[in-house]
Structure formats: C-alpha cells, structure tokens
1. Quote the relative contact order of segment 259-376 in percent (integer), defining contacts as alpha-carbon pairs under 8 Å separated by 6+ residues.
2. Need one number: nm distance between label points at Arg130 and Asn189, each 7 Å from Cα along Cα→Cβ, rounded to one decimal.
3. Take each complete run of DSSP H in the chain, measure how far its Cα atoms stretch along the helix's own axis, and keep only those covering 27 Å or more with mean Kyte-Doolittle hydropathy at least 0.0; list them.
4. Consider the candidate values (i) 187, 50, 38; (ii) 52, 52, 40; (iii) 63, 46, 42; state which one is Cα extents along the principal axes in Å computed from the structure displayed.
5. Mind checking the alpha-carbon convex hull of segment 160-277 and giving the volume per residue in Å³?
6. Solvent-accessible area per residue for the chain at a 1.4 Å probe radius, Å²?
7. Please work out the FRET efficiency for the pair Gln257 and Gln317, using the Cβ-Cβ distance as r and a Förster radius of 41 Å; give the result to the nearest 0.05.
8. Full-extension gain between Arg147 and Ser270, please, as 0.36 nm times their residue separation minus the C-alpha to C-alpha distance.
Amino acid sequence: MSKHPFARLLFVALLVLLAGCGQSQQQAAAPPDPAVTVAHPVRKTVVEQDEYVGRFTPVDSVEVRARVSGYLDQVHFTDGQMVKQGDLLFTVDKRPFQTSLDQAKANLAQARANLAFTEADLARAAQLVRDKTITEQTFDQRTQAKRVAEASVAAQEAAVRQASLDLEFTELRAPVAGRIGDRRVSPGNLVTGGTGGNTTMLATIVSQDPIRFEFTFDEAAYIRYERLSKDGLDMAGREGSALVSLRLIDEPDFQHQGRMDFVDNVIDRSSGTIRGRAVFANPDRVFTPGMFARIRLPASPPYVALLVPDAAIGTEQARKFVLIVDGENVVRQKYVTLGQAVDKLRVIKDGVAPDDRVIVSGLMRARPGQKVTPQEEGAAPASPGGPQASK
C-alpha cells in the first residue's frame with residue numbers, strides 16, 4: 001500500500017515533463033517574425049543629368065615655324081616647359097640679315113641724296129623756264145626725274161622695312177602662353193622659312209589654362225536642350241552657358257566645374273551627332289589636351305523627386321522593384337521606374353509614394369506576403385523581450 005502513492009506521484013511528474021517538452025517543441029516550431037529596417041523615401045529637388053565621354057582640347061595650339069631661311073643658332077627653352085607669350089624660343093643666325101639691312105639703309109641714303117639733287121635741279125629749272133632760258137621739254141624732264149627719285153626713295157624705304165622685318169624674324173618668340181613640346185631641330189641645322197607649305201616646324205605650343213573639353217551628343221538630346229533653352233532655362237543649348245561638371249577616369253565624383261561655351265552649327269549626317277564644347281579652369285595643369293574624361297550636363301528643369309538607397313532596389317529579370325511594409329507589417333512588392341543616382345540615392349520616377357515604408361536593410365530576410373518586425377532607420381534597436389531574457 002505504501003508504494004502505490006509513490007507510483008502515482010512518479011506518473012504525474014512524467015506527464016508534467018512530457019507536457020513541458022511538447023511546449024518547447026511548439027515554441028521552436030514558431031520562430032519570431034524577421035526584423036527589417038524601413039525608411040520613407042527622401043524628398044529632394046533634383047535636376048536630371050546626362051553624361052558623355054570626350055577629350056580635352058587646347059584653346060590655342062600653335063606650330064612654331066621659321067619665317068626666314070637660315071642656320072639655327074640657339075634654342076632658348078627646355079623641352080616641355082611652360083612658356084609665356086613673347087618668350088624667346090629660337091634664334092636664327094642674324095649676320096646675313098644684318099648685312100642686308102645695312103645695304104638697304106645705304107641704298108636708301110643714296111636714293112634720298114638723288115632726290116635732294118633732283119628737287120634742287122627742278123627748282124632752278126622753274127626759274128629758267130620763266131626766263132625762257134630752257135625749253136618746256138627740259139623742264140618736264142627734270143620734273144620727271146624728281147618723281148623717279150621720289151619713287152626710288154619709297155622703294156628703298158620699303159626695302160629697309162623688309163630687311164628690318166627679316167632681321168626681327170631671326171628671333172622666334174612664343175605667340176601664345178602654354179606648354180611647349182620638344183624641339184624638332186637642333187642648332188646648326190638649316191631651317192626653311194617663308195609663307196609656303198614646306199617651312200620647317202621647330203616646335204608646338206598648346207595653351208593650358210583655360211582648357212576646352214569637346215564631346216558629341218545625339219540629335220534627340222540636342223533637340224531637348226534647345227527646347228529647354230528656348231523656355232528660358234540655362235541648358236546646354238546653343239544660346240545657353242550651362243554649368244557642367246567633369247570627372248577624370250580615376251576620380252569617383254564629378255568634382256570639376258565648368259561652363260558650356262559652344263555647340264556646333266551642323267549635325268553629322270553619318271553619325272547623327274553634334275559637337276559640343278565646354279571650358280574649364282586648369283590652374284594646376286592637371287587637364288592635358290587629348291585626355292579622356294566624362295562630362296555631366298543638366299538635362300531637365302529642377303523638380304521634387306523621391307529617392308531611396310540603391311541597396312533597397314531589387315531586380316527581377318528586366319524589372320526593378322522595392323519591398324515595402326504595409327500597415328499590418330506585411331511585406332509588399334512594388335515595381336518602380338528608376339532615375340539617376342544622387343548622393344548615393346536613386347531617384348524613383350514612378351512606383352512609390354512619399355508615405356511608403358521601404359525596406360532598406362534586411363532584404364534577404366523579407367519575402368512578399370510575409371509578416372515582419374519593422375524598425376525605423378536610425379531608431380535605437382528594441383531591447384530583448386522577456387522570453388529571451390528567461391533563456
């Protein structure tokens with residue numbers, strides 16, 4: 001009789017233990033709703049931008065060529081250095097040109113002396129013809145001699161100016177400021193000058209600051225820019241001077257600012273594109289003619305847009321979507337139309353509303369139709385609940 005109550009107690013304890021195990025299994029089979037981070041779309045005034053690839057070109061590019069023929073005497077620069085307008089670059093042997101100038105001056109002095117004699121002779125003839133001492137024919141001959149002497153003086157004066165100019169051309173100076181290339185001819189070589197096409201090129205100079213950037217854009221973009229410009233907006237049309245930005249191939253952002261200054265007057269029929277040009281300051285000489293870069297132009301008037309982080313955007317074949325959390329904390333999928341990227345955010349042209357709660361973190365834990373535990377972005381995380389603390 002004494003063992004019977006003990007057996008009953010043992011049976012009751014066993015039932016309690018089995019009930020506890022069943023409750024634990026039931027709790028393990030029902031995990032909590034996954035936690036996600038949500039945020040409302042950001043409202044911001046943006047301007048759509050178009051991007052193009054192009055090259056830098058100099059504002060001024062000059063080939064330094066000899067204007068007179070002769071032997072190159074000296075080179076007054078170092079290859080690749082910066083030069084200022086008027087700096088002496090090359091010197092051609094001056095001695096033959098100095099001799100020609102001296103001879104021209106001597107001929108001019110002779111011509112002036114002859115003119116003085118003919119003037120005096122004509123003055124005497126004027127008195128003699130009045131006195132009927134000489135004939136009218138003799139007077140006319142002396143008048144003609146004076147005119148010939150005057151023409152000779154004018155010709156010799158021109159010869160002196162030409163000889164002076166040739167002597168001046170023996171010094172080749174920089175016509176523009178910029179960076180000079182390497183010398184193409186060494187001292188001692190004969191260089192050919194003149195105005196023909198076979199003159200000797202000695203070096204090239206390209207300006208550095210400011211510098212131009214040339215690129216091409218298609219006909220549709222050109223029409224859009226022109227219409228926006230006609231509406232009074234400062235766009236990349238022919239009449240505009242729109243602010244543009246540029247980045248080099250090794251730079252992440254468009255950090256260089258410039259202005260549009262030219263659009264070509266004809267669309268290329270073979271490519272359907274038109275040439276545009278912007279100008280940029282280049283005080284540090286970082287931009288070099290021929291260098292590639294990307295330029296960004298304003299392509300729309302300012303407007304208020306909704307933006308979400310790029311990480312919140314998913315891809316389903318060719319369509320883009322975001323996941324939002326509705327009022328019952330259930331995940332819903334919305335297909336969206338994307339715009340440009342602005343400060344690590346993406347413009348959403350269509351598909352979301354300003355009050356939508358977009359999932360920006362925890363996308364891998366969320367599925368459409370699933371219930372989740374949303375937490376506002378930037379809010380402090382919730383403290384652990386009672387059941388977790390009891391464990």
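The values are calculated or read from the model by the stated rules, or taken from the named source; none is laboratory data. Note that the coordinates shown come from a computational prediction; the quantities given were computed from them, not determined experimentally. Cβ sites come from the backbone with ideal geometry, for glycine too, and all protein chains shown count toward neighbours. Remember, those area values only see protein heavy atoms, side chains included, never the ligands or the DNA or RNA. Shrake-Rupley method; radii C 1.70, N 1.55, O 1.52, S 1.80 Å.
1. It comes to 20 percent, rounded to a whole number.
2. Taking the two extended label points, one gets 7.0 nm.
3. Sorted by number, the helices that extend far enough and score high enough are 3-28.
4. Answer label, from the structure shown: (i).
5. In segment 160-277, the Cα convex hull volume per residue is 213 Å³.
6. On the way: 23840 Å² over 391 residues.
Accessible surface, normalised per residue, equals 61 Å².
7. Working: r = 39 Å, r/R0 = 0.96.
Efficiency, rounded to the nearest 0.05: 0.55.
8. Values: separation 123, 0.36 × 123 = 44.28 nm, distance 6.41 nm.
Using 0.36 nm per residue and subtracting the Cα-Cα distance, I get 37.9 nm.
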